[in-house]
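**Student:** Below is a structure I'd like to ask you about.
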Amino acid sequence: MTTLNIGFLVGSVSSTSINRRLANALVKLAPEANLNLTEIPIGHLPYYSADHDAAIPAEATEFKQAVENADGVIIVTPEYNRSVPGVLKNALDTASRPWGQNSFDGIPSAVLGASIGQIGTALAQAHLRGILAFLNSPDLQQPEVYLQLTDGLITDDGEITNESTKEFLLGWLRTAHDHFALHAKTKN
Ligand SMILES: Cc1cc2nc3c(=O)[nH]c(=O)nc-3n(C[C@H](O)[C@H](O)[C@H](O)COP(=O)(O)O)c2cc1C
């Protein structure tokens, strides 16, 4: 099976982010699903402005190229006030412009997230899927991952302490692999 090069975005810049812990766990599991995960950082991106369309900032150009070069993008996000955090929305807006140069066009994606509450980022992911649809990024529909990250479930360096959670996430990565491979042909 072909190993795919997948970029990932973390929708939190918190130094204690539980979504960062989830991302670290995915990086560790990914080789078993024939995926090579590399972070595409978003925390340093300038706030998107239409002014940038005429002179794209270097950070934005680098970010857009990383998305375009990936075989797919995984987005690991918290839910903030029942939607996606601003830092993630800014990254998606940055990727989408200038008009006609949408970096997500045809790039397959897969989303998941962790929350401290039982809702497990469900509303943030629903909003995110709407954005990805507009960006013409085919996103993995099932299985959905709404993870309530309780104390100790994933260590800071990404060790998953619960076997069934580990199996579930590995299964998700394997399905994501099939999704990325299937949609590779639609990439520009
Ligand atoms: C501004 C803000 C808004 C939040 N809104 C939600 C929410 O709508 N739903 C939810 O489940 N948790 C919410 N939370 C709690 C987050 O689930 C929790 O802070 C989580 O640790 C954030 O993910 P992170 O650690 O990866 O940044 C909110 C937290 C913050 C700081």
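The values are calculated or read from the model by the stated rules, or taken from the named source; none is laboratory data. Not measured: the values here are computed from a predicted model. In this analysis, Cβ positions are derived from the backbone assuming ideal geometry, glycine residues included, and neighbour counts consider all displayed protein chains. In case anyone asks, the SASA skips ligands and DNA or RNA and just uses the protein heavy atoms, side chains included. Shrake-Rupley method; radii C 1.70, N 1.55, O 1.52, S 1.80 Å.
**Student:** Over segment 4-186, what percent of the accessible surface lies on carbon and sulfur atoms, probe 1.4 Å?
**Tutor:** Details: 4360 of 8400 Å².
Exposed carbon and sulfur together represent 52 percent of the surface.
**Student:** Asp178: accessible area at probe 1.4 Å, nearest 10 Å²?
**Tutor:** Around 90 Å² of this residue is reachable by solvent.
**Student:** Please figure out what share of the DSSP beta bridges in the chain is antiparallel and state it in percent, rounded to the nearest 5.
**Tutor:** Working: 2 of 20 bridges.
In the chain, DSSP labels about 10 percent of beta bridges as antiparallel.
**Student:** Provide Rg and Dmax in Å for the chain, with only Cα atoms included in the calculation.
**Tutor:** 15.7, 51
**Student:** Still on this model: Under 1.5 on a/c is rounded, so check that first for segment 98-174, then, if it is not, pick prolate when a/b is larger than b/c and oblate when it is not; a ≥ b ≥ c are the square roots of the alpha carbon gyration tensor eigenvalues. Walk me through the numbers on the way to the answer.
**Tutor:** Numbers: a/c = 2.51, a/b = 2.04, b/c = 1.23.
Prolate is the answer for segment 98-174, as a/c is 1.5 or above and a/b outweighs b/c.
**Student:** Quick check on packing: order 78-84, 59-65, 48-54 by the mean number of other C-beta atoms within 10 Å, highest mean leading. Mind dumping the intermediate values first?
**Tutor:** Details: 78-84: 18.6, 59-65: 16.4, 48-54: 11.7.
Result, highest mean first: 78-84, 59-65, 48-54.
**Student:** Within 10 Å, count the other beta carbons around each residue, average over each peptide in 110-117, 98-105, and list them highest first. Walk me through the numbers on the way to the answer.
**Tutor:** Working: 110-117: 21.5, 98-105: 15.5.
Averaged packing, sorted descending, gives the order 110-117, 98-105.
**Student:** If the only charges are +1 at each Lys and Arg Cβ and -1 at each Asp and Glu Cβ, what is the size of the charge dipole of the chain around the Cα centre, to the nearest 20 debye? Don't skip to the end; give the middle numbers.
**Tutor:** Details: 12 positive and 20 negative charges, 57 e Å.
Dipole magnitude for the chain comes out near 280 debye.
**Student:** For segment 1-89, what does the alpha-carbon gyration tensor say about shape, rounded, prolate or oblate, given a ≥ b ≥ c as the root eigenvalues, a/c under 1.5 as rounded, and a/b over b/c as prolate?
**Tutor:** Values: a/c = 2.60, a/b = 1.30, b/c = 2.00.
Since a/c reaches 1.5 but b/c is at least a/b, the shape of segment 1-89 is classed as oblate.
**Student:** Also: Along segment 140-147, what does the Karplus equation 6.51 cos²θ - 1.76 cosθ + 1.60 (θ = phi - 60°) give for ³J(HN,Hα), rounded to whole Hz, x for Gly and Pro?
**Tutor:** Karplus-based 3J(HN,Hα) across segment 140-147 equals 4, 8, 9, x, 7, 10, 10, 9 Hz.
**Student:** State, as an integer percentage, the relative contact order of the chain based on alpha-carbon contacts under 8 Å between residues 6 or more apart. Please list the in-between numbers first.
**Tutor:** Details: 355 pairs, mean separation 50.7, N = 188.
Worked out over the chain, it gives 27 percent.
**Student:** Additional query: Relative to the longest principal axis of the chain, what angle (0 to 90°, nearest 10) does the C-alpha long axis of helix 163-183 take?
**Tutor:** For 163-183 against the chain, the angle is about 30 degrees.
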